[in-house]
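Following: one structure in structure tokens, then a few remarks.
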């Protein structure tokens with residue numbers, strides 16, 4: 001696969017030129033971005049794959065929900081519906097996409113909607129919310145967000161990547177200049193502070209930009225369709241881990257480091273499980289999965305011993321209060337202007 005990607009280098013150069021030229025048109029107002037009175041926070045990345053956008057959206061909801069009425073807008077990746085749709089807890093992942101359904105189930109009081117045309121979605125939601133979170137919309141230049149948060153994983157920094165299809169970048173690296181906040185995600189719990197300082201040093205930060213570091217936190221409870229159990233319930237039991245996410249390695253590391261005994265069935269990101277795959281999973285005695293996969297599987301897999309392990313974003317090195325304050329200040333400033 002890596003050799004094939006190297007052969008595709010000319011296409012990566014062409015793709016980089018096209019996306020770079022598109023950005024030039026927006027940056028110089030040849031193409032217009034729509035602006036709105038409601039504060040808009042966009043969470044995105046420069047690369048494809050799992051950078052931790054969903055946990056960051058949830059972190060922002062928890063940061064803002066006590067002071068503001070929140071709405072979340074996503075395109076609803078791989079959903080089988082079209083147009084604007086407000087997500088209900090009774091919807092399925094096929095109707096809404098797995099991540100929007102996850103947001104709605106975890107935060108029932110938050111308005112969550114899916115719409116491929118973000119401008120149409122914003123026009124609907126700005127009547128119902130005081131702050132709008134855009135999920136995975138950094139390259140959606142038709143909308144101008146007030147705050148752009150760009151995520152890049154610790155083990156796969158965008159500064160070391162290249163354009164698709166040779167690398168994983170959606171746009172040239174210089175697109176990071178549009179970010180207001182950069183978060184290096186999925187940092188190890190025990191990473192030396194000097195290593196984080198080195199990353200900050202080599203990161204092409206602009207004067208207006210702030211950088212933060214985060215890691216993944218795992219809950220001490222596993223959640224099923226009808227019950228919740230302490231994570232320790234899995235101790236001394238053999239179970240099957242089912243993942244359909246871009247990068248399951250942090251979860252694998254966590255389970256191995258805690259001496260859990262399991263086998264791993266790995267599927268592609270946002271995988272649509274076939275009937276035969278579901279039948280195979282039904283034969284497994286005990287299944288643990290991710291929250292996102294649970295949203296896709298819960299209506300298909302009629303099995304009692306089926307749980308997911310929630311995750312959270314943790315801002316590292318006592319940066320959490322500063323990150324939250326930066327978000328609250330930016331929202332308050334927009335609402336006053």
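The values are calculated or read from the model by the stated rules, or taken from the named source; none is laboratory data. Everything quoted here is computed from the prediction, not taken from an experiment. FYI the Cβ positions are ideal-geometry reconstructions off the backbone, even for glycines, and counts take in every protein chain you see.
The figures follow:
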| quantity | calculated |
| --- | --- |
| Residue in the stretch 180-190 that is in the same structural domain as residue 60 (by TED's automatic domain parsing), out of contact with any strand residue (DSSP E or B) (no Cβ under 8 Å at 6 or more places or on another chain), modelled with pLDDT under 95 and more than 21 Å from residue 25 (Cβ to Cβ) present | yes |
| Qualifying positions in the stretch 144-167 - under 26 Å from residue 14 (Cβ atoms) and more than 16 Å from the chain's Cα centre (by Cα) | 159, 160, 161, 162, 163, 164, 165, 166, 167 |
| Qualifying strands (runs of 3 or more DSSP E) (wholly inside the stretch 224-337; at least 1 residues being closer than 30 Å to residue 70 by Cα and free of Cβ contacts under 8 Å to residues at least 12 places away in the same chain) | 228-230 |
| In the stretch 310-330, the residues that are buried (at least 16 other Cβ atoms within 10 Å of the Cβ) and touching a helix residue (DSSP H, G or I) at 6+ places or on another chain (Cβ under 7 Å) | 310, 311, 313, 315, 324, 327 |
| Residues satisfying the stated conditions in the stretch 125-153, i.e. more than 20 Å from residue 60 (Cβ to Cβ) and either at pLDDT below 95 or touching a strand residue (DSSP E or B) at 6+ places or on another chain (Cβ under 7 Å) (or both) | 127, 142 |
| Residue within the stretch 139-158 that is without any contact (Cβ under 8 Å) to a residue 12 or more places away in the chain, on the phi < 0 side of the Ramachandran plot and not in a strand (DSSP E or B) present | no |
| Subset of the stretch 268-309 (residues that are surrounded by fewer than 19 Cβ atoms within 10 Å (Cβ to Cβ), at pLDDT 95 or above and closer than 24 Å to residue 58 by Cα) | none |
| One residue from 133, 125 being surrounded by 18 or more Cβ atoms within 10 Å (Cβ to Cβ), in contact with a helix residue (DSSP H, G or I) (Cβ under 8 Å, 6 or more places away or on another chain) and under 25 Å from residue 64 (Cα atoms) | 133 |
